[in-house]
Amino acid sequence: AEEASGEVVAPGRVLALLKVDGTLLAMWGPAIDGAWRPPVDTDVRFHTIAIGSERGRLLSERVEHDGFRYVAAVVAPLADFERDMGQLRRSLMLGIVSALVLAAIAGLVVGRRALRPLAEMAEQARTITEANPVERLRSPNPRDELGTFASSFNGLLDRLASVLQAQRQFMADASHELRTPVSIVRSAAQVTLARPLRSDGEYRESL
């Protein structure tokens, strides 16, 4: 134990050599508060132990020398590690919150810029009425998704305009074709009704 304490140096670590029954033979390294003993009755090598008001991480290993069995242990105080971990957690939390805020702002800016052409196309669509069927949607880039949508929508408007034009032409043709017969019937009715005396047959025909 004295030879090991003189030859083995581990800065910032506490080293100990014990018998298998837990008797402490030697302990060297930084001074630590509180009494502690590494567990020697278990096969678990790593332990977290209490050292006074602090904690430490312990590694124990069973060794044999000249027919005698010992337990060698190394303790690393966790105060510096836990302080660094606390700073790391705070930095990570601050970084995560900052990243979320920046991502939200960037998402709003990018979303508004991406949706602006769609809003403009919606405004253009509101101006298309039956009185103004020649208007069409205009896209900033005809090759992207909005351009494809505008092209398909304009094709639909073209088909609707063709149907509307056919209906208007039909109404105009029907009105022109029916104008003469209706005028004839109206004139005959007016002449018939203007006569002072009518027979029963003419009266029934007028009904």
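The values are calculated or read from the model by the stated rules, or taken from the named source; none is laboratory data. Everything numeric in this text was worked out from a predicted model, so none of it was measured. A quick note on method: Cβ atoms are made from the backbone with ideal geometry, for glycine too, and the neighbour counts reach across all protein chains shown. The protein model used for the area step is the full one, side chains on, heavy atoms only, and it has no ligands, DNA or RNA in it. Shrake-Rupley method; radii C 1.70, N 1.55, O 1.52, S 1.80 Å.
Calculated [222 nm] ellipticity per residue, helices only, for the chain: -19000 deg cm²/dmol; basis is -39500 (n - 2.57) per DSSP H run with n ≥ 4, divided by all residues, nearest 500. Nonpolar atom fraction for the chain, defined as the carbon and sulfur part of the 1.4 Å probe accessible area, stands at 59 percent. The length gained on full extension between E130 and R90, counted as 0.36 nm times the residue separation minus their Cα-Cα distance, comes to 8.1 nm. Summary value for the chain: 10 percent relative contact order, contacts being C-alpha pairs under 8 angstrom separated by 6+ residues.
Using 0.36 nm per residue and subtracting the Cα-Cα separation, the extra length available between L156 and A26 on full extension is 37.6 nm. Of the residues L100, A76, P133, the one whose Cα sits farthest towards the positive end of the charge dipole of the range 71-207 is P133 (charges of +1 on Lys and Arg Cβ, -1 on Asp and Glu Cβ, taken about the Cα centre).
With all pairs of separate Cα atoms included, the range 74-207 yields a Kirkwood hydrodynamic radius of 23.4 Å.
Top mean-square fluctuation among A188, A114, A174, Gaussian network model of the chain, C-alpha springs under 10 Å? Ranking A188, A114, A174 by mean-square fluctuation puts A188 first. On a per residue basis, the chain carries 77 Å² of accessible surface, using protein heavy atoms and a 1.4 Å probe.
Stokes-Einstein diffusion for the range 39-113 at 4 °C, viscosity 1.567 mPa s, with a Kirkwood radius from C-alpha pairs, works out to 78 µm²/s. Going toward the positive end of the dipole of the chain, with +1 on Lys and Arg Cβ and -1 on Asp and Glu Cβ, which of I184, L115, L17 do you reach last? Result: I184, furthest along the dipole toward the positive end.
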